[in-house]
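Here's the structure we're looking at; comments come further down.
The values are calculated or read from the model by the stated rules, or taken from the named source; none is laboratory data. Please read these numbers as outputs of a predicted model, since none were measured by experiment. Here the Cβ positions follow ideal geometry from the backbone for every residue, glycine too, while neighbour counts run over all protein chains shown.
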């Protein structure tokens, strides 16, 4: 019983702590839930590496990003309301105008 109580006390705060911290690539985060968001301005680098990109458009669009590893990738036909769970540093081109970066 003491072991269970100790385990609950030690490990219960960890998920909440992980979600409130900035994303650190390679640090093995416990959770990938976003803790902040910002509107995307095409060709303007993000304040930090993204956790995801949200398409807030009413229709599908194409989004070209530079991934955290340096590769440029185009995601085609990204549906309205879709979230791309990617580590990106910038959206270099997009056929939609209502995108959010999630940190």
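The set of residues in the range 30-72 being surrounded by 14 or more Cβ atoms within 10 Å (Cβ to Cβ), within 12 Å of residue 85 (Cα to Cα) and in contact (Cβ under 8 Å) with a residue 24 or more places away in the chain consists of 34, 49, 50, 51, 52, 53, 54, 55.
Considering every residue within the range 22-37, establish whether at least one is at pLDDT 95 or above and either touching a strand residue (DSSP E or B) at 6+ places or on another chain (Cβ under 7 Å) or part of a helix (DSSP H, G or I) (or both). The answer is yes; a qualifying residue exists.
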